[in-house]
Protein chains: 2
Amino acid sequence: MAATTATNRRVILKEYVEGYPREEHMELLRGAEVPLRLTGTEPAGSVLVRNLYLSCDPYMRPKMSRPLRESYTAAFVPGDAITGYGVARVLDSSDPRLAPGDLVWGITGWEDYSVVTPPVTKFLAKISHHGGGGVPLSYYTGILGMPGLTAYVGFHEICAPKKGETVFVSAASGAVGQLVGQFARLAGCHVVGSAGSKEKVELLKTKFGFHDAFNYKEEPDLGAALKRCFPDGIDIYFENVGGAMLDAVLLNMRVHGRIAVCGLISQYNLADGEKDAVRNLGAVIAKRLRLQGFIEPDHKHLYPQYEAWVLPYIRDGTLAYVEDVAEGLESASKALIGLFHGRNVGKQLVRVADDESSA
Amino acid sequence: MAATTATNRRVILKEYVEGYPREEHMELLRGAEVPLRLTGTEPAGSVLVRNLYLSCDPYMRPKMSRPLRESYTAAFVPGDAITGYGVARVLDSSDPRLAPGDLVWGITGWEDYSVVTPPVTKFLAKISHHGGGGVPLSYYTGILGMPGLTAYVGFHEICAPKKGETVFVSAASGAVGQLVGQFARLAGCHVVGSAGSKEKVELLKTKFGFHDAFNYKEEPDLGAALKRCFPDGIDIYFENVGGAMLDAVLLNMRVHGRIAVCGLISQYNLADGEKDAVRNLGAVIAKRLRLQGFIEPDHKHLYPQYEAWVLPYIRDGTLAYVEDVAEGLESASKALIGLFHGRNVGKQLVRVADDESSA
């Protein structure tokens with residue numbers, strides 16, 4: 001007879017963070033017994049899941065700060081489990097779209113078991129294309145999940161690339177950057193990436209097919225590095241970092257260039273008054289640039305189109321994809337912290353449980 | 001018998017400017033005798049004009065700096081007459097589009113008589129709608145010229161306004177700002193402007209029909225002023241100033257807001273390293289903002305459409321338009337300098353000669 005309860009471990013935010021997050025800002029709580037069926041007391045439409053993979057994403061850092069102003073996403077609540085994208089097995093469901101046994105990706109909790117309640121359940125999408133196709137389940141935290149759609153929308157919709165254009169990608173070995181680089185190459189663009197270590201720069205050039213790459217930490221003058229890589233300027237900048245890199249890029253953009261503002265990870269650990277100064281916005285007029293901020297949830301309707309486009313490229317090996325997998329909930333906080341120090345190589349995620357071990 | 005030569009006065013840039021331009025950076029040279037016909041030694045397609053009105057525009061300031069990098073427009077050449085938009089009478093022409101007696105607006109020199117040579121002649125447009133319609137000729141330096149098309153393109157094309165949206169305009173009593181405010185009102189938007197004096201703020205509210213306005217020099221906290229005027233946020237920002245105002249606006253934008261980056265006059269007199277820090281670009285992602293730089297020359301093809309749209313509004317008094325006219329070439333440099341201190345009220349221009357006195 002199957003167990004009716006299980007021990008649920010949770011990673012909670014202990015307190016709001018200033019500066020870089022540290023281990024003591026989070027805590028792994030052990031020992032709560034939770035039922036393995038919905039009890040009927042949950043809101044209608046709730047879904048109980050066994051979490052399998054959790055995603056570490058840069059956007060989670062602003063949610064760790066004391067909420068000062070409205071944003072597109074609410075701050076975490078100290079004492080509650082951290083929430084984020086993940087892959088999970090449905091154990092019980094009062095959502096008619098989902099049934100026990102289904103695999104899903106979407107917003108879940110940093111814990112072994114989560115009860116996902118409406119309206120957050122709308123982000124749970126059933127995984128149909130796993131198995132038999134050589135597609136690891138974990139890919140739904142990345143290339144087949146939020147970062148994948150982010151890269152696709154940001155590059156193809158926001159940047160509107162044309163064959164032969166020049167593309168620069170920062171944080172280029174990360175979950176989104178590695179995909180943008182490859183999408184750019186597939187679109188016939190000349191693509192250069194920046195990253196923060198020699199190992200990552202090698203990965204960009206050998207594994208992901210960037211035409212060139214540089215280690216921004218070893219460049220005394222970012223503007224000179226960009227000029228070297230783009231003697232005729234940059235048509236498209238896929239912005240993942242902000243700050244000094246953005247300021248240098250602005251001066252190296254070409255007329256009618258486009259900047260997809262996806263992330264500003266260099267700024268997320270700085271207080272409001274300490275954020276890096278951007279001073280070269282005059283280039284926005286002189287070069288007639290378009291800067292467009294975007295977030296993936298606004299573009300969910302494009303997911304089926306993206307999935308159909310990207311799956312064949314994954315299956316036939318056209319697209320490479322590198323993950324950095326931390327093992328177990330006990331390593332989750334360290335993995336998330338590492339993201340802000342560039343310790344991950346490729347998409348950072350956490351394996352919570354093997355699917356076979358799902359209750 | 002008509003004179004065959006005339007005395008030509010010219011306003012030259014004496015040296016490149018750092019900081020705010022001062023009278024000693026320019027000089028009015030008197031006394032050169034110039035022929036009143038083309039001599040045949042000019043490049044084919046040249047046009048000789050008698051200048052009537054000259055326009056003082058903020059974009060002229062970057063052209064007064066030592067050229068450090070490519071821009072959309074070349075720096076002025078010390079020793080040469082300053083160039084800019086103006087209204088003129090054609091005296092002689094080897095451009096088949098233009099004949100003696102024609103009135104034109106476009107790029108000319110800060111002098112009594114100019115020989116405009118190709119390719120600059122492409123900016124000379126024949127004035128067809130002057131006279132008999134209550135349209136002052138000087139309007140072709142403003143509402144019917146470059147600033148008018150700038151306001152039209154920036155607001156209607158770049159900002160894509162929808163009825164009921166909120167619009168903020170900085171430098172709102174200037175040549176472009178006063179028009180954007182009125183275009184916004186005509187489009188059914190709620191429009192607020194900022195300016196730098198009590199007199200200008202009154203003008204915005206009484207003459208130009210802004211729903212509200214404030215004097216940015218008297219606001220200790222620009223963000224608080226914007227919050228007061230836009231409790232629910234700003235959908236459209238028409239950017240004329242940059243710097244601290246842009247930083248404050250970013251935090252007060254609404255989701256999916258649009259910023260037409262037209263000018264950054266607060267920054268033009270600052271050296272590269274001294275330009276104001278913009279630190280709130282995180283809002284570009286959180287609010288999914290679009291910042292779009294633009295310049296009027298890219299949109300010349302829309303001029304006939306704009307002229308046909310705006311002329312009836314001028315003639316029936318729907319649109320108000322305020323000019324600040326400096327008298328004579330001898331006051332031109334002071335008028336241009338005043339623009340960067342906000343001394344002008346309305347569109348700053350210089351009357352060089354009455355049309356009747358054209359040679």
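Among the residues that make up region A:29-37, is at least one of them touching a residue at least 40 places away in the same chain (Cβ under 8 Å), in a loop (DSSP other than H, G, I, E, B), in the same structural domain as A:Ser114 (by TED's automatic domain parsing) and closer than 19 Å to A:Ile107 by Cβ? Checking region A:29-37: not a single residue is touching a residue at least 40 places away in the same chain (Cβ under 8 Å), in a loop (DSSP other than H, G, I, E, B), in the same structural domain as A:Ser114 (by TED's automatic domain parsing) and closer than 19 Å to A:Ile107 by Cβ. Picking from residues in region A:289-305 that are surrounded by fewer than 20 Cβ atoms within 10 Å (Cβ to Cβ) and under 16 Å from A:Ala160 (Cα atoms), the one that is farthest from the other protein chains (Cβ to nearest Cβ) is A:Leu302.
Of the residues making up region A:229-261, just one is at negative phi, in contact with a strand residue (DSSP E or B) (Cβ under 6 Å, 6 or more places away or on another chain) and in a loop (DSSP other than H, G, I, E, B), namely A:Phe230. Filtered by the rule that a residue be under 23 Å from A:Ile285 (Cα atoms) and of a type in the set (A, V, I, L, M), region B:223-242 gives B:Ile234, B:Ile236, B:Val241. Just one of the numbered conditions (1) at pLDDT below 95; (2) within 29 Å of the chain's Cα centre (by Cα) is not true of B:Ala2: (2). A search for C-beta distances below 6 Å between a residue of region A:189-208 that is on the phi > 0 side of the Ramachandran plot and any residue that is at pLDDT 95 or above and hydroxyl-bearing (Ser, Thr, Tyr), counting only pairs 6+ apart in sequence or on different chains, returns nothing.
Matching residues to (1) in contact with an Asp or Glu (Cβ under 6 Å, 6 or more places away or on another chain); (2) modelled with pLDDT under 95; (3) farther than 30 Å from A:Tyr16 by Cα:
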| position | (1), (2), (3) |
| --- | --- |
| A:Ile285 | no, no, yes |
| A:Leu289 | no, no, yes |
| A:Tyr303 | no, no, yes |
| A:Tyr313 | no, no, yes |
| A:Glu327 | no, no, no |
| A:Lys347 | yes, no, no |
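Here B:Gly142, B:Gly134 are screened, and the one residue that is in contact with a helix residue (DSSP H, G or I) (Cβ under 8 Å, 6 or more places away or on another chain) and at pLDDT 95 or above is B:Gly142. A:Gly193 passes every criterion in (1) more than 28 Å from A:Lys227 (Cβ to Cβ); (2) not in a helix (DSSP H, G or I) apart from (1).
So that you can scan it fast, the table gives a plain yes or no per residue for (1) farther than 14 Å from B:Val49 by Cα; (2) of a type in the set (Val, Ile, Thr); (3) over 17 Å from the mean Cα position of the chain (by Cα):
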residue	(1), (2), (3)
B:Thr121	no, yes, yes
B:Thr141	yes, yes, no
B:Leu144	yes, no, no
B:Ile158	yes, yes, yes
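Checking the condition in the same structural domain as B:Leu329 (by TED's automatic domain parsing), modelled with pLDDT of 95 or more, among the β-branched types (Val, Ile, Thr) and within 22 Å of B:Gln348 (Cβ to Cβ), which residue from B:Val47, B:Val87 passes? Only one candidate passes the filter, namely B:Val87. Being crowded, with 22+ Cβ neighbours inside 10 Å, more than 7 Å from chain B (Cβ to nearest Cβ) and without any contact (Cβ under 8 Å) to a residue 12 or more places away in the chain is the filter here; which residues of region A:242-288 pass it? Correct list: empty. Please go through region A:252-276 and pick out each residue that is at pLDDT below 95 and aliphatic (A, V, I, L, M). Correct list: A:Leu264, A:Ile265, A:Leu270, A:Ala271. If you check A:Ala320, A:Ala308, A:Ala335 for being more than 9 Å from chain B (Cβ to nearest Cβ), touching a Cys at 6+ places or on another chain (Cβ under 7 Å) and either more than 30 Å from B:Ala244 (Cβ to Cβ) or in contact (Cβ under 8 Å) with a residue 60 or more places away in the chain (or both), only one passes: A:Ala335.
The values are calculated or read from the model by the stated rules, or taken from the named source; none is laboratory data. Note that the structure is a prediction, hence the values are computed from the model and not measured. Cβ: placed from backbone, ideal geometry, glycine included. Neighbour counts: every protein chain shown.
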